[in-house]
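Input: a single structure, listed below in C-alpha cells.
The values are calculated or read from the model by the stated rules, or taken from the named source; none is laboratory data. Please read all numbers here as calculations on a predicted model, not as lab measurements. Using ideal geometry, Cβ is built from the backbone for each residue, glycine included, and neighbour counts are taken over all protein chains shown. Keep in mind that these areas ignore ligands, DNA and RNA; they rest on the heavy atoms of the full protein, side chains included. Shrake-Rupley method; radii C 1.70, N 1.55, O 1.52, S 1.80 Å.
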Amino acid sequence: MVHDFKIRFTIRTSAGFEPICDFYLGNNRTVALSIFSELEGNDEVCESDILQLDWVETKGGLPVDVKIKHCTLSQLGRSCSFITKELFKYRNLMQGG
C-alpha cells in the first residue's frame with residue numbers, strides 16, 4: 001500500500017481549523033518526518049492558537065493526522081520557506097534531478 005505525506009497549514013475559523021495550504025512531501029516517510037521535525041511551533045495546544053501545521057499521512061486514500069504543531073504567523077512564514085527549500089533540495093539534488 002502506498003503512503004503519501006503532506007504538511008497542511010490550517011487556520012482557526014468560527015467553524016474550527018480549516019486548511020489553507022498543503023505541501024506534498026511525497027511517499028518517503030523519513031524525508032517527511034525530517035522536514036516536519038525541523039518546523040517551528042509548539043506541540044502544546046493553547047486556546048489562543050490560530051495557526052496549525054499538520055503532518056498528514058494518506059493510507060489507502062484516507063488522510064490521517066500524524067503530528068500537529070501550533071505556530072505564530074512568523075513561524076508559519078519561516079516554515080513555508082524551509083519546506084520549499086528542503087523539497088527543492090530533495091527533488092533536485094538527492095533524487096538525481
Per-region count, segment 1-18, residues touching a residue at least 12 places away in the same chain (Cβ under 8 Å) and either in a strand (DSSP E or B) or in contact with a Pro (Cβ under 8 Å, 6 or more places away or on another chain) (or both): 11
Residue, least open to solvent (accessible area, probe 1.4 Å), within segment 1-28, restricted to residues that are β-branched (V, I, T) and out of contact with any strand residue (DSSP E or B) (no Cβ under 8 Å at 6 or more places or on another chain): T13
Residues of segment 29-58 satisfying the condition of being open to solvent by 90 Å² or more (accessible area, probe 1.4 Å) and either part of a strand (DSSP E or B) or acidic (D, E) (or both): E38, D43, E44, E47
Subset of segment 76-93 [among the aromatic types (F, W, Y) and exposed (fewer than 13 other Cβ atoms within 10 Å of the Cβ)]: F88
Hits in segment 59-75 - residues which are surrounded by fewer than 14 Cβ atoms within 10 Å (Cβ to Cβ) and among the β-branched types (V, I, T): V64
